[in-house]
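A.B. asks: Mind having a look at this structure? Questions to follow.
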Amino acid sequence: LVVGGGIVGMTIARELRQRHPQTRIVVLEREPMCGLHASGRNSGVIHAGFYYPADSLKARFTREGNVLMTKFCEEKKLRLNRCGKLVVCKTEQDLVGLDILLSRAQANGVPVHEVTEKEAKEIEPRCQTHERALFSPTTSAADPKEVIHAVVQEAVSTGTTVLTGTRYLQRSPASQGSVHTVETSQGRIESGYLINAAGLYADKISRNMGVGANYAILPFKGLYLYANANFPRLRTHIYPVPNLANPFLGVHFTVTVNGETKIGPTAIPALWREQYNGFDAFDFQEFFEIIVRQFGLVINGGFDFSRLAIQELIKYHRPTLIADARPMLRGLETTDFDIRGKPGIRAQLLNLKERKLVMDFLVEEGENSIHILNAVSPAWTCSMPFAKFVCDKIDASPFVSS
């Protein structure tokens with residue numbers, strides 16, 4: 001039983017079907033269709049894998065995921081925009097971070113080229129950088145909705161059952177031995193093995209099953225602005241050198257699969273899990289828990305949460321968000337980006353003991369269960385090799401191997 005029909009849950013179901021063609025696989029998805037949260041709201045960038053330390057799961061899976069996601073799109077005849085990516089320096093201080101990214105690219109075996117300011121302008125004439133930049137030729141873009149739709153279609157056609165509009169409620173007290181009896185909004189389901197890929201709700205489900213007590217989801221809201229029809233299209237993605245102490249890549253220019261340009265995303269602390277618009281999906285208990293958690297980080301956090309929150313909250317103001325991107329692009333006007341895109345929520349995991357954001361993927365195992373607690377960006381790019389990693393753990397578990 002897979003709980004969560006996003007890209008992570010569906011690629012795990014896909015990998016399980018390939019390994020165990022006779023096994024009954026059921027996916028629970030709380031929404032009317034799969035991919036309505038992060039899996040359908042992300043930037044659509046297929047990352048190359050040079051942001052992360054070589055010994056991290058993110059580095060390994062992004063490098064492999066770039067190849068596998070590109071191949072999947074080609075085989076399914078999905079749209080691809082092989083536009084590449086420039087990483088530019090806003091100031092002289094960014095040169096240190098640029099060198100770190102270059103060294104990580106080399107350590108990870110990812111093709112990245114160091115370019116001069118002149119060479120960067122040959123790639124995108126309007127870009128601005130201080131002295132140097134990096135160019136990633138294998139970074140591209142696809143449509144997240146097209147991808148999740150194709151994965152779901154493949155899963156259903158090969159015999160996987162996808163139950164949409166079905167919420168996980170709790171593990172029933174009636175569960176006995178190695179069998180999980182799960183209570184859902186559509187009745188009880190018995191399962192020999194449970195995979196928790198519930199994204200924003202993964203921590204709730206893991207705790208319900210006695211796993212992951214030291215962790216909790218701390219949601220962050222990502223806002224995007226789209227360029228209007230008068231804005232000349234960019235040739236490539238343009239990213240800043242990020243603050244490598246945080247798991248966010250900073251506000252950047254993304255070229256979509258159809259050539260449109262957008263600015264974003266922000267990393268604004270959200271006050272409840274689905275704080276997309278106004279008070280939609282407001283949950284007082286979630287609101288209270290998250291506010292208490294955030295206040296604790298302000299008082300005694302393992303990182304500068306206060307500074308991050310202030311820097312991000314002001315980006316609700318459209319001119320401020322655009323101003324953050326202005327140093328990367330010559331001639332950028334506030335009037336160029338006046339269309340708000342669909343916001344997303346990042347299901348970022350917080351280590352409650354260390355009071356720090358978890359930087360890498362995190363998976364914990366329970367009794368006949370496995371829980372994907374932290375699978376944030378670039379999880380969309382990483383989804384296929386990450387699914388193999390999770391399924392290796394499942395196959396090695398005593399329940400399955402026996």
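A.B. asks: Return the residues of segment 186-205 that are among the polar types (S, T, N, Q) and more than 18 Å from Pro173 (Cβ to Cβ); say none if nothing qualifies.
C.D. replies: So in segment 186-205, the residues among the polar types (S, T, N, Q) come out as 186, 191, 196.
Answer for segment 186-205, where residues must be among the polar types (S, T, N, Q) and more than 18 Å from Pro173 (Cβ to Cβ): Gln186, Asn196.
A.B. asks: Here's something else I'd like to know. Give all pairs with beta carbons closer than 6 Å in which a residue from segment 255-284 that is in contact (Cβ under 8 Å) with a residue 60 or more places away in the chain meets a residue that is in a loop (DSSP other than H, G, I, E, B) and of a type in the set (Lys, Arg); count only pairs at least 6 apart in sequence or on separate chains.
C.D. replies: Here the result reads Val257/Arg79; Gly259/Arg233, each pair linking segment 255-284 to a residue that is in a loop (DSSP other than H, G, I, E, B) and of a type in the set (Lys, Arg).
A.B. asks: Evaluate the following for Leu297: is it aliphatic (A, V, I, L, M) and either under 22 Å from the mean Cα position of the chain (by Cα) or closer than 21 Å to Gln128 by Cβ (or both)?
C.D. replies: no
A.B. asks: Now a separate question. Working carefully through the options Val67, Val88, find the one that is more than 15 Å from the chain's Cα centre (by Cα) and surrounded by 17 or more Cβ atoms within 10 Å (Cβ to Cβ).
C.D. replies: Just one listed residue meets the conditions, Val88.
A.B. asks: Might you let me know whether segment 190-197 holds any residue that is on the phi > 0 side of the Ramachandran plot and free of Cβ contacts under 8 Å to residues at least 60 places away in the same chain?
C.D. replies: no
A.B. asks: Considering only segment 144-260, give the strands (runs of 3 or more DSSP E) lying wholly within it that have at least 1 residues that are open to solvent by 50 Å² or more (accessible area, probe 1.4 Å) and at pLDDT below 95.
C.D. replies: Counting at least 1 such residues, we get 168-171, 187-191.
A.B. asks: Looking only at segment 26-47, count how many residues are among the hydrophobic types (A, V, I, L, M, F, W, C) and buried (at least 21 other Cβ atoms within 10 Å of the Cβ). Outline the logic, then answer.
C.D. replies: At the first step, the residues of segment 26-47 found to be among the hydrophobic types (A, V, I, L, M, F, W, C) are 26-28, 33-34, 36, 38, 45-46.
Next, from what is left, pick out any that are buried (at least 21 other Cβ atoms within 10 Å of the Cβ): 27-28, 34, 38, 45-46.
Number of matching residues: 6.
A.B. asks: From the list Thr11, Thr70, Thr23, which one is closer than 30 Å to Arg126 by Cα and either in a loop (DSSP other than H, G, I, E, B) or modelled with pLDDT of 95 or more (or both)? Don't jump to the end; show me each part of the working.
C.D. replies: Details: Thr11 fails: closer than 30 Å to Arg126 by Cα; Thr23 fails: closer than 30 Å to Arg126 by Cα.
Checking each option against the conditions leaves just Thr70.
The values are calculated or read from the model by the stated rules, or taken from the named source; none is laboratory data. A quick note: this is a predicted structure, and the numbers were derived from the prediction, not measured. Quick reminder, even Gly has a Cβ in these numbers, built from the backbone with ideal geometry, and neighbours come from all protein chains shown. Side chains included, ligands, DNA and RNA excluded: accessible areas come from the protein's heavy atoms. Shrake-Rupley method; radii C 1.70, N 1.55, O 1.52, S 1.80 Å.
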